[in-house]
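Written out below as structure tokens is the structure these notes cover.
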Amino acid sequence: MNDFPLPVRAERSNPLARVFDELIDFCRARSMFMLHYCTGCGAIELPPAMTSRFDMERLGIQPMVTPRQADILLITGYVSIKTLKRVILTYEQMGSPKYVIGICSCTVNGGMYWQSYATAKKLNEYLPVDVYIAGCMPRPEAVIEGLRKLMGEIKAGRANSWERYFREYDRYLAAQQNLFGPNWQTPTDIIGEARDYQLYGPGTEGRHTELLQQHQVPLQPLRMTLHSDVEKSS
Ligand code: SF4
């Protein structure tokens, strides 16, 4: 699957709006909340990167425990097929704009698990990845360098891979269905979100979203039952 570069965001003609866009990008790049999904052994390099030795907080990056308030999803090593489902669910819960960093060679091409039946080989077939940090395992300096690269891309208005998930949802869904089976579904309405963000494109819907709509079960509100209600009904 080729990830051709998306166009850089068009500059607005109003000079005041341009300054405002640049200011937003600058602020966004200097205040990043990172959800570190510790999928594999590469996660062991994160504690030194985050704490006093390398102190990534001085760059404006700090950990966040929930996807809904995070900007960056950090995938720290090999991703088993079971784990990938959770990674995709997590990614879809994050608000946009959002960024994915794949740490370790295992996220690039499967690494030492390239022949394993139980791991997903190329993370960018299932999610748009902004930065890869290769190595087995990459040192904290490399992790920080990768984060700095992402900061530079955000500041320059070029970190727009997240748009790809909306514009080309059908091909991401195709890879997901290929791995998880035709009944795969998540609770998120990606097509609706693509329309909301005005990112609906020719690749948003296709053969695979049609298949999804055929078997998709609408989400039901969670019914909470008190213990006494259960006793009365029995
Ligand atoms: S690249 Fe090496 S350290 Fe990283 S997840 Fe794979 S095996 Fe583990």
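The values are calculated or read from the model by the stated rules, or taken from the named source; none is laboratory data. Since the structure is predicted, the reported quantities are computational estimates derived from the model, not experimental observations. Backbone-built Cβ (ideal geometry, glycine too); neighbour counts: all protein chains shown.
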Which members of segment 85-144 meet the condition of being among the charged types (D, E, K, R), within 13 Å of the ligand (Cβ to nearest atom) and in contact with an Asp or Glu (Cβ under 8 Å, 6 or more places away or on another chain)? ARG139
Collect the residues in segment 37-79 that are within 18 Å of VAL131 (Cβ to Cβ) and without any contact (Cβ under 8 Å) to a residue 24 or more places away in the chain, keeping them in residue-number order. MET50
Hey, among the residues in segment 21-71 that are away from the ligand (no atom under 16 Å from the Cβ) and among the hydroxyl-bearing types (Ser, Thr, Tyr), which one's farthest from the chain's Cα centre (by Cα)? SER52
Segment 143-177, residues that are without any contact (Cβ under 8 Å) to a residue 24 or more places away in the chain and more than 14 Å from ARG28 (Cα to Cα): GLU145
Return the residues of segment 141-157 that are more than 17 Å from the chain's Cα centre (by Cα) and among the small types (Gly, Ala, Ser); say none if nothing qualifies. ALA142, GLY152, ALA156, GLY157
Complete set of residues in segment 72-84 that are surrounded by fewer than 20 Cβ atoms within 10 Å (Cβ to Cβ) and away from the ligand (no atom under 14 Å from the Cβ): ILE81, LYS82
Near pairs, Cβ below 6 angstrom, 6+ apart or cross-chain, from segment 103-115 (outside any helix (DSSP H, G or I)) to any residue that is near the ligand (Cβ under 6 Å from one of its atoms): ILE103/GLY42; CYS104/GLY42; CYS104/GLY77; CYS104/MET137
Are any of the residues in segment 197-207 at pLDDT 90 or above, among the hydroxyl-bearing types (Ser, Thr, Tyr), outside any helix (DSSP H, G or I) and under 23 Å from ARG28 (Cβ atoms)? yes
Boolean, THR90 is hydroxyl-bearing (Ser, Thr, Tyr), buried (at least 19 other Cβ atoms within 10 Å of the Cβ) and closer than 27 Å to CYS136 by Cβ: no
Filter segment 90-133 down to residues that are farther than 17 Å from LEU35 by Cβ and among the β-branched types (Val, Ile, Thr), then give me how many there are. 2
Condition first: outside any loop (DSSP other than H, G, I, E, B) and in contact with a Phe, Trp or Tyr (Cβ under 8 Å, 6 or more places away or on another chain). Now tell me which residues in segment 62-76 satisfy that. GLN62, PRO63, PRO67, GLN69, ILE72, LEU73, LEU74, ILE75, THR76
